[in-house]
1. Hey, can you tell me all the residues within segment 284-302 that are of a type in the set (S, T, N, Q) and either at pLDDT 90 or above or in a helix (DSSP H, G or I) (or both)?
2. Can you tell me which residue is farthest from the chain's Cα centre (by Cα) among those in segment 247-278 that are polar (S, T, N, Q) and within 21 Å of ALA234 (Cβ to Cβ)?
3. For segment 124-145, how many residues meet the condition of being open to solvent by less than 100 Å² (accessible area, probe 1.4 Å) and not in a loop (DSSP other than H, G, I, E, B)?
4. Within segment 303-312, identify whether any single residue is open to solvent by 20 Å² or more (accessible area, probe 1.4 Å), touching a helix residue (DSSP H, G or I) at 6+ places or on another chain (Cβ under 9 Å), modelled with pLDDT under 90 and not in a helix (DSSP H, G or I), and answer yes or no.
5. Scan segment 275-283 and give yes if some residue there is part of a helix (DSSP H, G or I), surrounded by 14 or more Cβ atoms within 10 Å (Cβ to Cβ), at pLDDT 95 or above and β-branched (Val, Ile, Thr), otherwise no.
6. Is there any pair with a first residue in segment 270-283 that is under 16 Å from ILE162 (Cα atoms) and in contact (Cβ under 8 Å) with a residue 12 or more places away in the chain and a second that is hydroxyl-bearing (Ser, Thr, Tyr) and in a helix (DSSP H, G or I) whose Cβ atoms are under 6 Å apart and which are 6 or more apart or on different chains, and what are they?
7. For segment 226-237, state whether one or more residues are modelled with pLDDT under 95, of a type in the set (Ser, Thr, Tyr) and outside any helix (DSSP H, G or I).
8. If only one of ILE162, ILE169 is open to solvent by 40 Å² or more (accessible area, probe 1.4 Å) and either assigned to a loop (DSSP other than H, G, I, E, B) or in contact (Cβ under 8 Å) with a residue 12 or more places away in the chain (or both), which one is it?
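The values are calculated or read from the model by the stated rules, or taken from the named source; none is laboratory data. For clarity, every value in this text was computed on a predicted model and none was experimentally measured. No Cβ is skipped: glycine too gets one built from the backbone with ideal geometry, and neighbour counts run over all protein chains shown. All accessible areas refer to the heavy atoms of the entire protein, side chains included, with ligands and DNA or RNA removed. Shrake-Rupley method; radii C 1.70, N 1.55, O 1.52, S 1.80 Å.
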Amino acid sequence: MSYYSRSPPPLQHPVPTHPAFIPEPPSTPASPQGYQRFASSPPPTQQYAARTQYNPPPFQPIPNPQHQHIPDFAAWGMNDSTAQFGMHLGQTAVAAGQDYVQKNFAGMIPVTMLKHHFNVSNSYVMHKLQLVVFPWRHKPWTRKVRRTEAGHTEWQPPRDDINSPDLYIPLMALVTYILVAALQTGLQERFHPQILGTSATRALLVVLLDFLFVQCGCYLLNVQGTGQVVDLIAYGGYKFVGVILTLFAGLLNLGTTIYTLVFLYAFAANALFVLRSLRSVVLPDSPANVGTVNPASRKRRITFLFLEAVLQVVYMGILVRV
């Protein structure tokens with residue numbers, strides 16, 4: 001009986017023993033941002049904290065500086081490679097065209113001087129129109145020069161010198177002349193689209209004839225430094241201002257007498273303007289040219305200037321006949 005009444009010995013669980021030093025794991029590549037590396041399973045509190053602290057950043061592609069200014073052609077249904085090839089082909093064609101124009105037309109058309117002759121301001125345009133219409137009291141007529149950084153002298157632009165020729169007023173006057181001529185024919189019930197082309201052709205031929213006459217006269221008189229081609233064309237284009245005034249007098253139906261008086265005044269004003277402006281070309285005031293022109297040559301040059309001024313009545317008479 002005593003054997004069965006004896007209680008069994010108590011169970012004893014083995015106590016786990018851990019080493020005093022746990023070696024670190026070998027180095028591995030950097031983990032993504034927000035993750036933590038554990039040698040063993042972390043406690044539940046640390047697992048919960050890791051889940052709550054990790055917020056993956058939104059995906060942001062790294063911009064490529066070579067493709068920052070290229071539009072999204074895929075939105076238009078175009079392949080990116082095809083669009084880039086088209087843009088490259090267009091840039092190559094434009095560069096080839098500019099090179100062709102520079103090589104073939106740079107000698108005929110002084111493109112570099114066009115910017116100088118269009119360098120105008122509102123104040124210059126107003127004072128220049130006043131000078132063309134009322135040239136009687138204007139002084140002086142000599143052009144101003146300036147010295148560049150390289151030490152060379154050049155003419156000042158029209159913005160800074162009212163006596164400098166420009167191409168803005170002649171070009172605008174040419175376009176206005178064509179429109180006013182079309183308006184006059186329309187009021188007379190004889191307008192036709194060919195009137196625009198006819199008026200433009202007539203105007204360009206008159207400017208060309210005037211330019212050739214001045215250029216040939218300077219060549220025959222042995223005028224040194226006859227000026228630039230653009231300057232002579234600009235001087236010949238100011239006559240359209242007087243022609244427009246004459247056409248407006250005809251549109252107002254003020255009578256034949258008023259129309260004739262306006263035409264004669266416009267001719268006289270333009271003749272004086274051309275005479276005084278071309279004097280700096282035919283009879284320059286520079287000290288280098290004073291002693292080289294003998295009295296006989298000087299007289300011939302003055303006669304040529306008066307002939308050019310008188311011919312303005314012929315040119316303007318052709319232009320007002322629309």
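1. Residues satisfying the conditions are ASN289, SER297.
2. For segment 247-278, the residue satisfying everything is ASN270.
3. 9
4. Within segment 303-312 (the criterion being open to solvent by 20 Å² or more (accessible area, probe 1.4 Å), touching a helix residue (DSSP H, G or I) at 6+ places or on another chain (Cβ under 9 Å), modelled with pLDDT under 90 and not in a helix (DSSP H, G or I)), the answer is no, since none of the residues qualifies.
5. no
6. Within 6 Å, the pairs are SER277/TYR235.
7. Yes, segment 226-237 has at least one match.
8. Going through ILE162, ILE169 in turn, just one is open to solvent by 40 Å² or more (accessible area, probe 1.4 Å) and either assigned to a loop (DSSP other than H, G, I, E, B) or in contact (Cβ under 8 Å) with a residue 12 or more places away in the chain (or both): ILE162.
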